[in-house]
Amino acid sequence: MKFVFNTNGKVCAQSIEVEVENSQIKQVRFHGGCPGNHAGIERLVAGMQVDEVIRRLSGIRCGGRPTSCPDQLACALKEISQKI
């Protein structure tokens, strides 16, 4: 299943597309923000279990911001995990 998550506006990425199958991440695409960092995150999480990515990325902050793009991915995955 594919999902689109709109970030909270406190990060560079405006939205995140996530494709999940059997609680495993198939693909992630960030829209907006730092292409290099996002490409790295996208490749690292591909094939991982949703719960493991949530555990690893939740709570990461970007500078003085209360969240980050990785944290927003974890937030998206939390919402997705309630739907699957």
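Somewhere in the range 4-12, is a residue in contact with a His (Cβ under 8 Å, 6 or more places away or on another chain), at pLDDT 95 or above and closer than 16 Å to residue 80 by Cα? Checking the range 4-12: not a single residue is in contact with a His (Cβ under 8 Å, 6 or more places away or on another chain), at pLDDT 95 or above and closer than 16 Å to residue 80 by Cα. When the residues of the range 64-84 are filtered to those that are small (Gly, Ala, Ser) and under 11 Å from residue 10 (Cα atoms), the one that is least open to solvent (accessible area, probe 1.4 Å) is 68.
The single residue among 29, 61, 43, 55 that is open to solvent by 50 Å² or more (accessible area, probe 1.4 Å), within 9 Å of the chain's Cα centre (by Cα) and among the charged types (D, E, K, R) turns out to be 29.
The values are calculated or read from the model by the stated rules, or taken from the named source; none is laboratory data. As the structure is a computational prediction, the values presented were derived from the model and not from experiment. We place every Cβ from the backbone using ideal geometry, glycine too, and count neighbours over all the protein chains shown. Heavy atoms of the whole protein, side chains included, go into the accessibility calculation; ligands, DNA and RNA do not. Shrake-Rupley method; radii C 1.70, N 1.55, O 1.52, S 1.80 Å.
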